[in-house]
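Taking it in order: structure first as structure tokens, then the write-up.
The values are calculated or read from the model by the stated rules, or taken from the named source; none is laboratory data. Computed from a predicted structure; not experimentally measured. Quick reminder, even Gly has a Cβ in these numbers, built from the backbone with ideal geometry, and neighbours come from all protein chains shown. What goes into the accessible areas is simple: the full protein's heavy atoms, side chains included, and nothing from ligands, DNA or RNA. Shrake-Rupley method; radii C 1.70, N 1.55, O 1.52, S 1.80 Å.
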Amino acid sequence: MKKVRVRFAPSPTGLLHLGGLRTALYDYVYAKKHKGDFILRIEDTDRNRFVEGAIENLISSLQSMGIDFNEGPEKDNGYGPYIQSERLELYRKYADQLVESGKAYYCFCSKERLDQIREEQAAKKLPIQYDGFCKKLTKEEVQQKIANGEEYVIRLNMPKDDLFTFNDVIRGEVQIDSSQVDDQVIIKSDGFPTYHLAAIVDDHLMEISHVLRGEEWLPSTPKHIFIYESLGWDQPEWVHLPLILNTDKSKLSKRHGDFSVEAFVQQGYLKEALVNFVALLGWHPQTDDEIFDLDKMIEEFSFERVNKAGAVFDKTKLDWMNGLYIRKLDLSHIVDLAKPFFKEAGVDISDSTKFEHVVSCTREYINTLKEAPEFAQKFYSDPVFTESAAELMKNEDTKTICSYMITKLEALETIDAPEAKSMLKRASKDLKIKGKHFFMPVRAALIGEEHGPDIPLIIEILGIEECKKRFSNALNM
RNA sequence: GAUCCCUUCGUCUAGUGGUUAGGACUCAGGAUUUUCAUUCCUGCAACAGGGGUUCGACUCCCCUAGGGAUUGCCA
């Protein structure tokens with residue numbers, strides 16, 4: 001069997017988005033599973049859409065998700081360069097070869113003419129295609145026009161009465177009548193190739209075994225097959241992945257919000273959750289397990305378990321899963337990840353022992369790291385009282401409890417949660433105030449809310465001095 | 001308009017001729033907890049429709065409908 005070599009080939013036109021992440025993920029786990037190579041190739045053949053810094057961002061986003069490519073820019077394994085704009089001669093060479101063999105031809109049609117024929121075809125409700133006008137040009141005429149400096153493109157000379165039948169790993173046999181396939185431009189007037197030529201040339205030269213790409217490429221696959229055949233090359237396996245959709249079922253796009261990996265990370269989503277969640281959009285392991293890491297996915301991944309239908313991206317479930325990981329992963333790891341969010345919120349977290357306690361407590365309540373500072377605000381600044389908590393403070397019992405607590409705390413040097421717990425127990429007994437009539441006022445006095453974390457834990461986090469301060473403040477309300 | 005792809009709870013999905021159609025998220029109820037959150041339990045909720053094939057269809061075939069993608073000198 002041919003060595004597995006798969007590639008993720010994004011265009012540097014922006015940030016890595018969820019769809020790209022999933023494609024890269026499937027590429028990666030498939031390569032890993034079959035001890036193959038995972039190649040990153042940059043498809044920057046559209047100079048107009050190139051975004052400065054996008055290549056670097058794509059690479060860092062991938063790495064931040066734990067997806068490493070073992071071949072690509074800066075990691076040449078003999079198949080480079082891996083950036084298409086550095087491979088222009090190659091595309092030109094094969095385009096010439098296609099022209100030579102009659103599988104492609106020069107076209108000098110103006111944009112105006114193209115627009116016009118499209119308009120006419122639309123009016124007549126015909127398929128919209130190039131009409132082959134320049135196909136009849138003789139070699140001499142072509143030479144003459146080029147010599148005159150006329151702008152040109154090179155188009156594929158698609159057969160018109162053929163049936164393209166190919167096998168898609170996900171969908172099975174797909175048939176497309178060649179009359180439906182346009183004479184696609186493969187070399188643009190600026191001399192750059194289009195995707196259709198560049199991707200095929202590179203996939204062949206880089207010995208790609210499986211082409212994983214979005215389903216939107218399915219209709220143009222005949223063009224690609226035609227190039228393979230015309231050049232006498234063997235086709236790779238076609239693996240068209242189902243689309244990730246917006247809630248309205250349209251292809252996930254920027255118009256509906258920012259679905260970049262970077263944005264999710266900034267919103268406090270964990271790579272474990274993002275990867276896990278996105279993997280499930282179109283793929284499912286054999287078991288009912290939904291929580292898994294990259295290693296387990298490598299073990300279990302197969303194309304047979306990839307779905308055909310598009311998957312709607314549902315943030316609610318991502319939130320749940322993210323919360324799960326926030327609670328499940330090592331505390332120290334979550335503490336590190338939470339730091340930037342607190343810093344950004346302007347919280348002084350220099351007391352690392354306290355901060356660790358705060359995070360340990362806070363993570364039980366949140367689904368994204370971004371929510372953490374707001375929840376933890378009660379541990380770092382004076383409590384903001386809810387209306388009902390403030391009401392509680394006026395209660396006589398509350399005053400009694402607070403004074404009692406202050407006295408008891410004064411006798412202590414340090415306190416931890418178990419000690420606090422027994423102190424509270426004694427207090428409740430001594431004061432003969434029980435259950436929520438005792439605990440609610442205490443919590444309210446300490447954090448300004450009736451509901452929230454375990455009181456002993458709050459006391460431990462706050463420390464003796466802060467507790468005393470808050471109890472006496474409560475006394476004066 | 002044309003071509004192609006797709007169609008199980010609201011959403012992600014399991015299911016490959018015989019199942020009480022399973023799981024997860026959401027939602028509702030309950031248990032635990034001084035409270036909230038977590039956790040656990042229970043519940044609500046689906047095979048797009050119509051024809052076949054078959055002793056038997058969610059599963060196979062056809063049609064219809066719906067959705068999506070493509071239809072660029074973007075990828």
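Of the trypsin sites (Lys or Arg not before Pro) in region A:85-124, the ones in a loop by DSSP (not H, G, I, E or B) with at most 10 other beta carbons within 10 Å are A:Lys124. Remark: the A:Asp76-A:Lys125 segment gains 12.7 nm on full extension, using 0.36 nm per residue and subtracting the alpha carbon distance. The modelled label-to-label distance for the pair A:Lys251/A:Leu163, using points 7 Å beyond Cα in the direction of Cβ, is 2.8 nm. Note on A:Ala263 and A:Ile298: with the Förster distance fixed at 30 Å, the Cβ-Cβ geometry gives a FRET efficiency of about 0.65.
What does the charge dipole of region A:121-264 about its Cα centre add up to, to the nearest 20 debye, if the Cβ of each Lys and Arg holds +1 and the Cβ of each Asp and Glu holds -1? The partial results should precede the final answer.
On the way: 16 positive and 24 negative charges, 121 e Å.
With Lys and Arg at +1 and Asp and Glu at -1, about 580 debye.
Name the lysines eligible as straight-distance cross-link partners of A:Lys139: C-alpha to C-alpha under 25 Å, and not fewer than 8 places from it in the same chain. Partners found: A:Lys93, A:Lys103, A:Lys111, A:Lys160, A:Lys188, A:Lys223. Taking only Cα atoms, what is the 0 to 90° angle, nearest 10, from helix A:315-328's long axis to the longest principal axis of chain A? That helix lies at roughly 60 degrees to the long axis. Over all orientations, region A:44-134 has a Cα convex hull whose mean projected area works out to 9.7 square nanometres. Residue ranges A:27-38, A:340-351 sort as A:27-38, A:340-351 when ordered by packing (mean number of other C-beta atoms within 10 Å per residue, highest first).
Sorting the Cα pairs of region A:246-324 by distance into bins of 5 Å, from 0 upward, gives 3, 13, 24, 24, 20, 12, 3, 0 percent per bin.
Checking Cβ-Cβ separations below 4.7 Å across chain A identifies A:Cys109, A:Cys361, A:Cys402, A:Cys467 as cysteines lacking any candidate disulfide partner. Here region A:302-426 has an Rg and Dmax of 20.6, 69 Å, counting Cα atoms alone. Each principal axis of chain A carries a Cα extent, and these read 106, 48, 38 Å when sorted largest first.
Angle of helix A:54-64 to the longest C-alpha principal axis of chain A, folded into 0 to 90 degrees and rounded to 10: 50°.
Descending by average beta-carbon neighbour count within 10 Å, the peptides A:353-365, A:298-310 line up as A:353-365, A:298-310, the highest first.
Heavy atoms only, 1.4 Å probe, whole protein assembly: order A:Leu15, A:Leu40, A:Leu294 by accessible area, highest first.
On the way: A:Leu15 70, A:Leu40 0, A:Leu294 35 Å².
My answer, sorted largest first, is A:Leu15, A:Leu294, A:Leu40.
Full extension of the chain segment joining A:Asp182 with A:Asp68 gains 37.3 nm, where the gain is 0.36 nm per residue of separation less the Cα-Cα distance.
Its relative contact order, with pairs defined as Cα atoms under 8 Å and 6+ residues apart, puts chain A at 13 percent. Output the 0 to 90 degree angle, nearest 10, between the alpha-carbon long axis of helix A:331-344 and the longest principal axis computed from the alpha carbons of chain A. So the helix axis and the longest Cα principal axis differ by about 90 degrees. Is any residue of region A:146-163 close enough, with backbone N under 19 Å, to a label point placed 7 angstrom from the Cα of A:Lys111 along the Cα-Cβ axis, and if so, which? Those under the cut-off are A:150-155. Beta bridges assigned by DSSP with both partners in chain A are antiparallel in approximately 55 percent of cases.
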